[in-house]
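Down below is the structure, laid out as structure tokens.
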Amino acid sequence: PKDNNHNTSGNNKLPEQESAGGGTTILTTRQGHPIYDNQNTRTVGNRGPATLENYQLLEKMSHFDRERVPERVVHARGAGAHGIFEAYGTVGDDPISKYTRAKVFEKGKVTPLFVRFSTVIHGGHSPETLRDPRGFAVKMYTEDGNWDLVGNNLKIFFIRDALKFPDFIHAFKPDPVTNRQDPNRQFDFISHTPEAMHMITFLFSPWGIPASYRHMQGSGVNTYKWVNSEGEAVLVKYHWEPLQGIKNLTQKQAEEIQAKNFNHATQDLYEAIEQGEFPEWELNVQIMSDDDHPELDFDPLDDTKLWPNDQFPWYPIGKMTLNRNPVNYFAEVEQSAFGTGVLVDGLDFSDDKMLQGRTFSYSDTQRYRVGTNYLQLPINSPRKHVATNQRDGQMAYYQDIAPGTNPHVNYEPSSLGGLKEATRPGKDYTPSYQAKLVREKISRQNDFKQAGETYRNFEDWERDELISNLVGALSASEKHIQDKMVEMFTQCDEDYGRRVAEGLKMAAESKEKRMDVSKTEREGQAVQQAEQES
Ligand code: HEM
């Protein structure tokens, strides 16, 4: 590009490429050569062999051979949409600047964004009706650079230490031998992971299968910080509330949809936007002062816990509207790359150790999955001035050289006209630490209490579904795993444990009965056969 800046027109092309093909519909190679015959390979004579100089064939085939990039290791199946975020500028009765200096939240500010919704465990074309958390990743192209809020539909998570994430995912992904998801492996892991009980309680209830992406909540799950211009911080959690309402599915409803359509959520989102029914979510925050809150029976940095609404009210701070479908699924949805490290001034990390681990993982996997220069792709690149001294690498598409700077200087500091550091817009936030370096669990684990509360807060039909879904899945587990799980459900709530235990007993009895019937049938058949033979 002429100004060394990347394209911001949003049509994924460099300015020079606008007229590629001379504005005609003529098919060309990627080198711009018109194609005169796209049906017949060049051969020696009508029936003869193809030749090696057949550039058109080799080029077409070798590009095709490379059409796939690795899919996301988790959240492979997804759908995306473009939209905007409009900020309200307040937190309750206070101006938002009391808590954060992030410009994206200033009253009336409108910021373009891209969202990707997803399921977690299975591959790129797996059914969208599966019991699974749903991903809810938002990328805002703010005036201060990108802000990604990489969340899920549920407000808590299975584990609270990033070190456990690969094991957790392995246990939930298909078995390495049979290539099938196996409840015996899932519950084997969970039976050793009591902090997952709260999430399991949500996951096996109807909240584990949202009816569509439009009808689900979203949550940042991990605890973040906000920093104001005085350099003071608060702890914050983010939640998206769908203005279309929340709808979840029973297992039976999900199975009925899956029998006919395993892309229903992608279809629903795309068609709603095409028809001008733009889905909307309000962004809410919960706020706590920045300390360890010894008065609470949970740790504010523990992502397996809800912050009770009565103590920490939800404050709406803005609204998101999705109003434009992607025109190219691969370029926009597949290559989009979100990460928890992508924060703007006024937003900060908390010491939540899951968040810290996640922050390494996202950009690391994206350098592998998409490539070193994934941030130069239009979907990922900020809609503003980008100027770094980072250079080269595979697929470098342009240089981030600011107009007026000396292109020979790709280092800093320098007095030869290179890039300069920015002035900090407010006081720096400088938390202090004095502690031993340890490997320890947090002290307020309290793994079962909130799970029990969630169980009791469900409506009757949600509890019935939860029990039936758990019994269905756990029936396929070994007895000692079932027993351990029942013990943990009982610690959450006695009724919860009793109902799962009863359900498992009934399931075992009816399985025995079925086996007896088929044994009698088999014996009957054997006698008949023996009689016929004699
Ligand atoms: C995707 C790692 C926990 C939400 C991913 C990806 C990785 C990853 C490697 C694939 C990214 C890509 O290929 O672009 C981790 C690790 C975690 C963790 C290491 C824990 C230590 C969570 C939690 C949430 C979450 C707690 C919810 C708040 C998501 C979402 C995506 C994703 C929504 C899909 C983003 C997209 O649509 O591209 N995660 N994750 N993850 N993760 Fe996590």
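What follows draws every value from the coordinates through simple rules; no lab data is involved. For clarity, every value in this text was computed on a predicted model and none was experimentally measured. Heads up, the Cβs are rebuilt from the backbone with ideal geometry, glycines too, and the neighbour counts pull from every protein chain shown.
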Distance from region 177-197 to region 450-504 (C-alpha centre basis), Å: 15 Å
Listed residues Pro407, Gln394, Ile442: farthest to the positive end of the dipole of region 382-449 (Cβ charges): Ile442
Contour excess over end-to-end distance, with Cα ends at His63 and Gln275 and 0.36 nm allotted per residue: 72.8 nm
Largest-first principal axis extents, alpha carbons of region 466-517, Å: 37, 18, 14
Per-peptide average of other Cβ atoms within 10 Å, ordering 470-483, 344-357 highest first: 344-357, 470-483
Three principal axis lengths of region 137-202 [C-alpha, angstrom, descending]: 49, 26, 22
Helical segments meeting 18 Å axial Cα length and Kyte-Doolittle 1.6 threshold in the chain (DSSP H): none
Dipole magnitude (debye, nearest 20) for region 377-534, charges at Cβ of Lys, Arg, Asp, Glu: 1180 debye
Proxy reagent accessibility, fewest Cβ within 10 Å first, across Lys427, Lys484, Lys305: Lys427, Lys484, Lys305
Euclidean distance between Cα centres, region 50-98 to region 216-284, Å: 19 Å
Förster-model FRET efficiency, 56 Å R0, Thr388 and Arg522, C-beta, rounded to 0.05: 0.20
Extension gain (nm, one decimal) between Ala396 and Asp464, 0.36 nm per residue minus Cα-Cα: 19.0 nm
Distance (nanometres) between label positions extended 7 Å along Cα→Cβ at Glu509 and Lys247: 3.9 nm
Net lengthening on full extension, Lys103/Tyr55 (0.36 nm per residue, minus Cα-Cα): 12.1 nm
Principal axes of region 383-443: Cα extent on each, largest first, Å: 54, 33, 25
Mean Cβ count within 10 Å, highest first, over the residues of peptides 375-386, 133-144, 398-409, 185-196: 133-144, 185-196, 375-386, 398-409
About the Cα centre, charge dipole magnitude for region 364-433 (Lys/Arg +1, Asp/Glu -1 at Cβ), debye: 220 debye
Label-point separation in nm, Tyr368 to Leu416, each point 7 Å along Cα→Cβ: 3.8 nm
The chain: relative contact order in percent, alpha carbon pairs under 8 Å with at least 6 residues between: 18 percent
Computed magnitude of the charge dipole of region 159-277 (debye, nearest 20; Cβ of K, R +1, Cβ of D, E -1): 220 debye
Top positive-direction residue, dipole computed over the chain with Cβ charges, set Thr100, Thr29, Ser118: Thr29
Efficiency of FRET between Phe262 and Trp314 - r from beta-carbon atoms, R0 25 angstrom, step 0.05: 0.15
Stokes-Einstein diffusion coefficient of the chain, Kirkwood radius over Cα pairs, 20 °C, 1.002 mPa s, in µm²/s: 81 µm²/s
Neighbour-count order for Arg498, Arg77, Arg522, fewest beta carbons within 10 angstrom listed first: Arg522, Arg498, Arg77
q = 0.21 Å⁻¹, region 346-470: log10 I(q)/I(0) [Debye, one scatterer per Cα]: -1.28
Over region 379-534, volume per residue of the alpha carbon convex hull, in Å³: 393 Å³
The chain: calculated mean residue ellipticity at 222 nm from DSSP helix runs of at least 4, using -39500 (n - 2.57): -9000 deg cm²/dmol
Pairwise FRET efficiency - Ala435 versus Val44, Cβ, R0 = 56 Å, nearest 0.05: 0.15
Which of Phe338, Phe168 has the fewest Cβ neighbours within 10 Å, and the rest in rising order: Phe168, Phe338
Cross-link table Lys441/Lys505; Lys103/Lys353; Lys164/Lys511; Lys173/Lys441; Lys139/Lys164, entries beyond 32 Å C-alpha to C-alpha: Lys441/Lys505; Lys164/Lys511
Among 148-155, 293-300, the order from most to least packed when residues are scored by Cβ within 10 Å on average: 148-155, 293-300
